[in-house]
Amino acid sequence: MNLLLLQNCIFLIVTRQIRNKKHKILGQHFIMKPIEEVTMLYEITKALNAHLVLKKSLYKVLDILSNSMNMVRGTITILNPMRNEIRIEVAHGLTRNAMERVKYKLGEGITGRVIEAGEAVSIPKISEEPLFLDRTGSRKKRKDGDQSFICVPVKKGKQVIGALSVDRPFDESYSLINGEKLLSVIATMIASHVIKLETIQMDKERLKEENRRLQNVLKDKYRIGNIIGNSNKMREVFQMISQVSKSNATVLIRGESGTGKELVANSIHYNSLREKNPFVKVNCAALPATLIESELFGHEKGSFTGAIKQKIGKFELAHKGTIFLDEIGSIGLDVQANLLRILQEKEFERVGGHRTLKSDVRIIAATNKNLERAVEEETFRGDLYYRLNVFPIYMPPLRARKTDILLLADYFLEKYAVENHKDIKRFSTPAIDMLMEYHWPGNVRELENCIERAVLLCEEGVIHSYHLPPTLQTGKESDTVPSLSLEDAVASLEKEMIIDALKNTGGNVTMATQILQTTVRKFAYKAQKYGVDYRQYR
């Protein structure tokens, strides 16, 4: 766009010079050399295209005008449409203090009127113009003569966004009309540059936003199902998931009930090369022994009582995808034999069928049972165990990853607070102590249920210890822990309330006393008694 303007400008300049027309200002004549104008415009075009930082480009433009137009002083002002305020963006011949200090209202002074009307103004002698404000204090009458002033609007389409102004020594031979036209061309070039930079900036912001969105998608995809944890044991699990996901290896997920084995299976599938293909889940423990074979491999019509039509099994449904066999330790020996065949040969027959079917399925199995002991007791086939145990992943119990308890509790608190439209922000210190001391036999599933119950009971902004289930109240696995005396219980509650008040007020004792409806003296006495320092909460 700048190149097109430059070409048009050169054409107009050369045409004007060929016609040898003279422009008259106050009875004086002056004809500019076309080569000088062309050179200046070319240098300005290069300067605007050399930088993607607006201020650098504009300063360079003023430097070129200073050398080419004998400019004493020059400014590029920008209009703030929200405040109707005009400020100096860049300047030549002004101090930084003057630039930062001086501001104009829309319509105020010569520059304000140019921006308001969108029309250029030329003043032969500044000293003779009563509208000139000279707020910068830099236009005092020079000993070597008066100064001329040219100001043109900078327009973005029909919208005026600023102005370009130039001060130069008064010269009877200089045509202000020609200078005004030339500055108008430069102002158009500046506006085009501003539009280009705004477009580039918008594209950058869109790319940044898209990049952030994709990063969030990848993060959520890697931690699919909200597998939460930053303990060393969970980091090992995440590393193993990332290592095995892209392969077709059979995975056996081991761990107690409630540790999140199904979430790991989800993560493996949706980060694998089979992610766009089916992911079929089967809970082997929930199916009767008489139906599990039919559920896995399907059956033909009439193969047994009740088989009124053909049924497609889970392995057929999972073709080219993944099948998740949860609680695989509960299946019987007869089904284990068919399962071993599909693992080895990738083939099977439906119940009551004679046609061998092929199925390309990746198997992910999970169990909370001790399969090694089951093999010894001959309730689980040893050859099937070794086929399943290609890549074992052990999910640690919650008691072995104490550092994850608060992370999980905060996640469930936020989740159920949103679901139940409650404004609950955090846990009290005694509640945190109880969560950390409990042994969590039900693992993450039990923790989630506890937090959901606490959110339902809580009518405040903080979950306290009395909102947690009775099984957590002792905080210990043993039932022999003595209960607190009445005096100790009262002291514990008072300390908890003092700490909560200080947390809510950022350590402000006066506000904390207002919350607790007590005096500063009593509050200070209790805080000192229980060893609570208000400065720790600021």
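Assorted remarks:
- Conditions (1) charged (D, E, K, R); (2) in contact (Cβ under 8 Å) with a residue 24 or more places away in the chain; (3) under 20 Å from VAL280 (Cβ atoms); (4) not in a loop (DSSP other than H, G, I, E, B): number failed by ARG341: (2)
- Whichever residue in region 343-369 is over 11 Å from THR250 (Cβ atoms) and β-branched (Val, Ile, Thr) and, among such residues, is surrounded by the fewest Cβ atoms within 10 Å (Cβ to Cβ): THR356
- Listed by position, the helices (runs of 4 or more DSSP H) contained in region 237-327 that have at least 1 residues being charged (D, E, K, R) and touching a helix residue (DSSP H, G or I) at 6+ places or on another chain (Cβ under 7 Å) are 292-297, 314-317.
- Residue in region 396-403 that is hydroxyl-bearing (Ser, Thr, Tyr) and under 29 Å from ILE323 (Cα atoms) present: no
- Residues of region 503-538 satisfying the condition of being under 35 Å from the mean Cα position of the chain (by Cα) and of a type in the set (S, T, N, Q): ASN504, THR505, ASN508, GLN536
- Qualifying residues in region 488-538 (those that are in a helix (DSSP H, G or I) and hydroxyl-bearing (Ser, Thr, Tyr)) - the one farthest from GLY461 (Cα to Cα): TYR525
- Looking across region 262-291 at every residue that is basic (Lys, Arg) and at pLDDT 85 or above, the one that is surrounded by the fewest Cβ atoms within 10 Å (Cβ to Cβ) is identified as LYS281.
- Where helices (runs of 4 or more DSSP H) sit wholly within region 1-113, none has at least 3 residues that are modelled with pLDDT of 85 or more, at negative phi and out of contact with any helix residue (DSSP H, G or I) (no Cβ under 9 Å at 6 or more places or on another chain).
- In region 301-334, the residues that are farther than 21 Å from ASP360 by Cβ, surrounded by fewer than 16 Cβ atoms within 10 Å (Cβ to Cβ) and among the charged types (D, E, K, R): LYS301, LYS309, ASP334
- Restricting TYR386, TYR394 to residues that are surrounded by fewer than 18 Cβ atoms within 10 Å (Cβ to Cβ) and either more than 45 Å from the chain's Cα centre (by Cα) or more than 21 Å from GLU236 (Cβ to Cβ) (or both) narrows the list to TYR386.
The values are calculated or read from the model by the stated rules, or taken from the named source; none is laboratory data. Source: prediction; values computed, not measured. Glycine gets a Cβ as well: all are built from the backbone with ideal geometry, and neighbour counts include every protein chain shown.
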